[in-house]
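What follows is one structure encoded as structure tokens, with my remarks underneath.
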Amino acid sequence: MPSVLFFSRKELAAVVAVGITTGLVDHQALSVLFASFTLNSWLTSLNSYLFHVTGGPLFGDFLQTWLEYGAVFAACLVRKPAAGTIALTINGFCQVFVYGTHDPHLFYGVSGLGADIVFASFHFKKYDIPAICLAGIACGIFWYPIVWFTHGIPFYPPFFIASDFGVRVLGSAVGDGLLGAALALVILKLAGRKWKETRVKEFGNENNAMKHANVAGVMMVGFGVVVMVLTYAFPPVSNFFSSIGPKIAEGIPQSEEYNPGYVIGLLLVFLVLTVLAFRRIDFAANSGHND
């Protein structure tokens, strides 16, 4: 397993645990947050005022800018390529299949990709406050295009769009970045590890690991493509995936509901290519540094 996934079993368990835990907790925490918000007359007045001034739910969007913190949380715990992407992909599956959140959340791994790109740019060696905040901002920015197309953002006034983007950037730096890092710090303290501890030495022969991973990756990508093709071409396959799909409340069918067969195939391709690409870049960078 390590030679293909590039994670030790403990590291992989940590990433999966973060993905499942945040996926299950976030939905409940958000419900409590909004319930508390509606009980506060001052905050509801502020929400109404900002809606009147900007033309959109600015304060409501601000209250949701912490939801991608799981990516920074996982990345700071494991400190290896694609940890944030994998954790938030699992997070999205939990939200959709457990709580019936709309299908776009199955693509939550895209937000985690933003955090991974930031940490990769520092060769997974820099985890200070600026890097963490930047990773949090990247989470919000990478998720924004999906929000743009699925939440009707273009139909709002330009002033709201500009204000909303600015609020998301600021909120993501704190909510996604600092919150995720703070949780990671607590876990590391409990495990007796230091925050500035050097990255765990890689296991095995990296060249052989990449070769095995490339072969396995091609097979997995092929499997993902086959799943999508079969879902499209054969009604029984499509109906099977629909039958095991989540029960999602009605939304905008053209943009929010998809057959799970397409999503599972696409996510498999996305995850495999992301892990391999990050790992190859990281290996090339470390090889060049060692030389």
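Readers should treat all values here as calculations from the given coordinates under stated rules, not as data from a laboratory. Fair warning: this is a prediction, and the values are worked out from it, not measured in the lab. So basically every Cβ, Gly included, is an ideal-geometry build from the backbone, and we count neighbours across all protein chains shown.
Tabulated results
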| read-out | value |
| --- | --- |
| Helix runs (DSSP H) in the chain reaching 24 Å along axis by Cα, Kyte-Doolittle at least 1.6 | 129-150 |
| Test item: Cα-centred dipole of the stretch 1-138, Lys/Arg +1 and Asp/Glu -1 on Cβ, debye | 460 |
| Inter-site label distance for Lys211 and Val25 at 7 Å from Cα along Cβ, in nm | 4.3 |
| Cα principal axis extents for the stretch 51-188, largest first, Å | 44, 33, 24 |
| Whole-Å distance, taken between Cα centres, linking the stretch 1-57 and the stretch 139-197 | 10 |
| Per-residue Cβ neighbour rank within 10 angstrom, fewest leading, Val53, Val237, Val269 | Val53, Val237, Val269 |
| Footprinting exposure proxy for Ser238, Ser31 (fewest neighbouring C-beta atoms within 10 Å first) | Ser31, Ser238 |
| For the chain, size of Cβ-based charge dipole, Lys and Arg +1, Asp and Glu -1, in debye | 1020 |
| Computed lengthening from Ala191 to Lys125, 0.36 nm per intervening residue step minus Cα-Cα distance | 21.8 nm |
| FRET efficiency for Val174 and Ser8, using Cβ-Cβ distance with R0 set to 45 Å, rounded to 0.05 | 0.90 |
| Interatomic Cα distance distribution for the stretch 1-128, bins of 5 angstrom, percent | 2, 11, 17, 18, 16, 13, 11, 7, 3, 2, 1, 0 |
| Virtual spin-label span in nm between Phe149 and Ser36, 7 Å along Cα→Cβ | 3.5 |
| Ranked Lys125, Lys196, criterion: other C-beta atoms within 10 Å, fewest first | Lys196, Lys125 |
| Chain lengthening between Val226 and Leu273 when straightened (0.36 nm per residue, less Cα-Cα) | 15.3 nm |
| Estimated 222 nm signal from helices in the chain, with DSSP H stretches of n ≥ 4 weighted -39500 (n - 2.57), rounded to 500 | -24500 deg cm²/dmol |
| Relative counts (whole %) of C-alpha pair distances in the chain, using bins that are 5 Å wide | 1, 5, 11, 15, 17, 16, 13, 10, 7, 4, 2, 0, 0 |
